[in-house]
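Trainee: Have a look at the structure that comes next, please.
Derivation of every value follows stated rules applied to the coordinates shown; laboratory data play no part. Keep in mind that what you see is a predicted model, and the values were worked out from it rather than measured. Because the Cβ atoms are built from the backbone with ideal geometry, glycine has one as well, and the counts that use them run over all protein chains shown.
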């Protein structure tokens, strides 16, 4: 230990002397003469470099950035002479950044950026990459994302240049979102103040769009969906998002911008000296959310571009295939159509936004197109990039090389499975099979639903029931065994008359099918032949047939008439807003039970709907909002179905109000 202290002190003296004259050779010679052990010499020199740095910083040289850059360059030369550890330059830089102000750090970081080629050398890369990443992260923690935005961007760009594309530590492999980025905005209490301010401003200028609290709340509530797009795959979230987005985009469409709005005031005369300063508009990483500022923000072209670009990024994610997406994260056909139409609307608004709207729009399309390639590369497991060789001599040399042995089929199949694909041994079969690797989802596709409708399948049999058709019994379709077998399967899947009370055991299939076909014929839209068929009396069955007695036949005939009457008169009554208001007052404490019966998942119920309607926290408003969404979205929403659900839940009071 004493020997090490002596070496450290001597090397510190040598280092200070040689650094002043930038003489690496003399320092190397003195160090070699003093100690012959490489490990001991490196340890002593590393400590001497730290001691010398403390001396330089203590002499108030931290303000002299050029002197510090020269010292780091001298340390790099020592590492190349194998006199110091390869990680020492970056470790010294970390110590310097810790002791300097942010303004000085920004000046010194230029030296780090200019020497990115040095850090990527084989000597320094493996030894310094972790230290460089730690140093940059320490700087980012000290910086403000909204105040020092440019410096933060420089650090991220440097890391992107330093690390190779295939470096997984710099990639968001599992597609996580920054859920901590919350956007807070004012409550409804400030609405009166905002309206009062708008009323005062109306005397001076006429506003193109009324900026009320409703539009203000919808506008800033969209940031929660931009922050976490996965919640849009739930029905309730999608309903709220689509409504808010339509309102905001409509406001943008009616609030046109002009070229002169880029200037702070049209009444101020701008001379030639000021003209150049207004060409560069300021950049804001995060905007203020005060309600009184929304009208001014809508007049800002940069602000509008940021919001529209957020829409495009969100829509691209919803439609893209991401490896780590859940299977349920898929848009429905009507949602896909809405996204497509809204995307066109957003691009149209971007084109209208000055300055240089068409140019900016084309640039955005190009960036998003490259983002699709980036996403596809991540889905493939981020394989390393290799530059193709264009030298013809290299191609000739490649042809001269002996061919590699053919890979075993087992290895090919295993490699394909690692990326979620299948190898079938034939290129065409492999291509077809990988169009939809999930076999269960492929089988559920609507394109594979080959089940015919009742009207189509029984059309000929219905025509044969007409006496004017004069088709003999032995030639009717109902007497065909193949037709009867398929008809039973189709009735079980499609007909409401199959599994009902009143189906009795039968002995002859043709007669049962004939009865069921009559029911189906009466459910069809009334045609001339059907009307005539209904007026005809059904001939009584043979007396010798023992499959039904007279009482059973009478009951079945009555059941057929009742079913036909119910089917013809089944006109479902729509749930009115007045009825929703009455039921909400009664069911306000039990609306979660009712939501479960409506088909909402437990996750959607736990959302409590209050997340998106901050001004409506009462149970009455929550229940009313849930009933309105159900009445508008659910195809089975009707007074009759609602009465059935309330009866099952034993909500007698609500049922009495519904039937009154």
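Trainee: Starting from the Cα-Cα distance between residue 165 and residue 23, subtract it from 0.36 nm times their residue separation and give me the gain in nm to one decimal. All intermediate terms of the calculation are to be shown ahead of the outcome.
Mentor: Working: separation 142, 0.36 × 142 = 51.12 nm, distance 3.82 nm.
Roughly 47.3 nm would be gained on extension.
Trainee: Further question: If each residue of separation counts as 0.36 nm, what is the full-extension length gain between residue 66 and residue 54 once their alpha-carbon separation is subtracted? Could you put the intermediate results ahead of the total?
Mentor: Numbers: separation 12, 0.36 × 12 = 4.32 nm, distance 1.62 nm.
Roughly 2.7 nm would be gained on extension.
Trainee: Going by C-beta contacts inside 10 Å, put 382, 152 in order with the fewest on the left. Could the numbers behind the result be given before it?
Mentor: On the way: 382 14, 152 17.
Placing the least packed residue first, the sequence is 382, 152.
Trainee: Which of 211, 645, 629 has the fewest other C-beta atoms within 10 Å, and how do the rest follow up to the most?
Mentor: Details: 211 25, 645 15, 629 19.
The most exposed by this proxy come first: 645, 629, 211.
Trainee: Evaluate the distance, in nm, between pseudo-label points positioned 7 Å from the Cα of residue 621 and of residue 130 along their respective Cα→Cβ axes.
Mentor: 5.4
Trainee: Further question on the same structure: So how do 74, 324 line up by other beta-carbon neighbours within 10 Å, fewest first? Numbers along the way, then the final one.
Mentor: Working: 74 19, 324 12.
Placing the least packed residue first, the sequence is 324, 74.
Trainee: May I ask you to compute the full-extension gain from residue 328 to residue 385, defined as 0.36 nm times their residue separation minus their alpha-carbon distance, rounded to one decimal in nm? Write out the running numbers ahead of the final one.
Mentor: Numbers: separation 57, 0.36 × 57 = 20.52 nm, distance 3.25 nm.
Stretched out fully, the residue 328 to residue 385 stretch lengthens by 17.3 nm.
Trainee: Under a point spin-label approximation (7 Å from Cα along Cα-to-Cβ), what is the residue 366-residue 441 distance to one decimal in nm?
Mentor: Taking the two extended label points, one gets 3.3 nm.
Trainee: Percent relative contact order of the range 2-170, based on C-alpha pairs within less than 8 angstrom and at least six residues apart? It would help to have the intermediate numbers written out before the result.
Mentor: Working: 108 pairs, mean separation 30.5, N = 169.
Taking the mean separation of contacting Cα pairs over the length of the range 2-170, I get 18 percent.
Trainee: Assuming R0 = 22 Å, can you tell me the calculated FRET efficiency for the pair residue 578 and residue 635, based on Cβ-Cβ distance, to the nearest 0.05? Show your work: numbers first, answer last.
Mentor: Numbers: r = 22 Å, r/R0 = 0.99.
Here the calculated transfer efficiency is 0.50.
Trainee: Something else now. Distance between the C-alpha centers of the range 76-115 and the range 233-250? Whole Å please.
Mentor: If we compute the Cα centre of each part, the gap is 50 Å.
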